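Single-structure report; data block below.
The values are calculated or read from the model by the stated rules, or taken from the named source; none is laboratory data. Just so it is clear, the structure is predicted and the values come from calculations on it, not from any experiment. Quick reminder, even Gly has a Cβ in these numbers, built from the backbone with ideal geometry, and neighbours come from all protein chains shown. What goes into the accessible areas is simple: the full protein's heavy atoms, side chains included, and nothing from ligands, DNA or RNA. Shrake-Rupley method; radii C 1.70, N 1.55, O 1.52, S 1.80 Å.
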Amino acid sequence: MALVLLRTPSSYSPPSTTTPLLPFTTACRSPSRVPSSAGHWKRVRGLRIASGSGRGLALTHADTSGDLKEIRDCCTVWKWKDFDVNYLVKGKGPPLLLVHGFGASVGHWRRNIGVLSECYTVYALDLLGFGASDKPPGFAYTMEGWAQLILDFLDEVIKKPTVLVGNSVGSLACVIAASGLVLLNCAGGMNNKAVVDDWRIKLLLPLLWLFDFLLSQRVIASALFERVKQSRENLKNILLSVYGNKDAVDEDLIEIIKGPADDKGALDAFVSIVTGPPGPNPVSLMPKISIPVLVLWGDRDPFTPIDGPVGKYFSSLPSNLPNIELHVLPGVGHCPHDDRPDLVHEKLLPWLSSLPSMSEISTG
């Protein structure tokens, strides 16, 4: 997961060490979960709010974190480059934007939206190609494209400096988009071909390239895709291998992953993402980040293991960069926010409340 503190620029540009810190705080009144913090949004010169027509629908204060139907019923649509992007907004306070990982969607934050919305305005979106967002046939998905989508959403819908919360490839999209962040099991790239320094990936690389070739054959790709998505048992077994807390793999989670796979364009999205360029590596981006960073990492992640090159790199950062704080979460897999949300909230909420006060935009 990544949490990113940033401006709301109108176009993508690589992270810069010269970008000033936008301090943040919240006056959360939830002492059982987060220490109370005095502070409020103020006005800061130099930040830009673009005009836009975001149509976010504020939810009721009822906790939707475990109710997929309510989450879906309360979503709305934002138009991005002629595509429909599904999103949700709930709560009151400084904004957070939740960005899911591969194959997931807004519903994957079911165990976090209610808790976070007690102190923050929580936005969650489905990246193009996932969830209820469009899956345009033949579209070439890239990490940079998703990063641009995030930046445009900030610009047109939220219109305020925002903390981004992402998981896996959602984390990496946040890193690319941001001038600073917090990470939870950040992916090394859009697919495993980015992590060539891992001996496990080196052993599998010939198979990965063979898999890419097979997926380029439409009949084979369709057969493989159908085999996985049609069998709930197959999908459940895959999810059980990803989660440390096996009890978190329930029927709702299977439906979150399986449902959008029936949409037109879902196969094209899957093939494009798995076979496409991995995109920028976080190892090259992190040294450019200068604002506070919280790194949360599940120690049972099979995709980006803590003892792999990406995990080792992030583990080394706190001793080299004073703005980075790292916590390894025991018994947790690749999706900590859904796997063990209690452990994530235990680290995340106090970290958010400890940040300095944020200022609002100056219109003068």
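Observations on the structure shown:
- When restricted to residues that are within 18 Å of K69 (Cβ to Cβ) and of a type in the set (V, I, T), the stretch 82-121 contains 3.
- Filter result for D252 (surrounded by fewer than 20 Cβ atoms within 10 Å (Cβ to Cβ) and either of a type in the set (D, E) or in a loop (DSSP other than H, G, I, E, B) (or both)): yes
- Against the test of being under 18 Å from the mean Cα position of the chain (by Cα) and closer than 14 Å to V175 by Cβ, the options P280, P341 yield a single qualifying residue, P280.
- Test result for D339, among the acidic types (D, E) and open to solvent by 60 Å² or more (accessible area, probe 1.4 Å): no
- Filtering the stretch 269-324 to residues that are open to solvent by 30 Å² or more (accessible area, probe 1.4 Å), farther than 30 Å from P136 by Cβ and in a helix (DSSP H, G or I) leaves V283, P287, K288, P309, K312, Y313, S315, S316, P318, S319, N320.
- Here F139 passes the criteria (1) touching a helix residue (DSSP H, G or I) at 6+ places or on another chain (Cβ under 8 Å); (2) crowded, with 24+ Cβ neighbours inside 10 Å except the one numbered (2).
- In the stretch 69-106, the residues that are in a strand (DSSP E or B), surrounded by 20 or more Cβ atoms within 10 Å (Cβ to Cβ) and on the phi < 0 side of the Ramachandran plot: W78, V85, N86, Y87, L88, V89, K90, P95, L96, L97, L98, V99
- Condition broken by K258, with the remaining ones in (1) closer than 30 Å to P322 by Cα; (2) modelled with pLDDT of 80 or more satisfied: (1)
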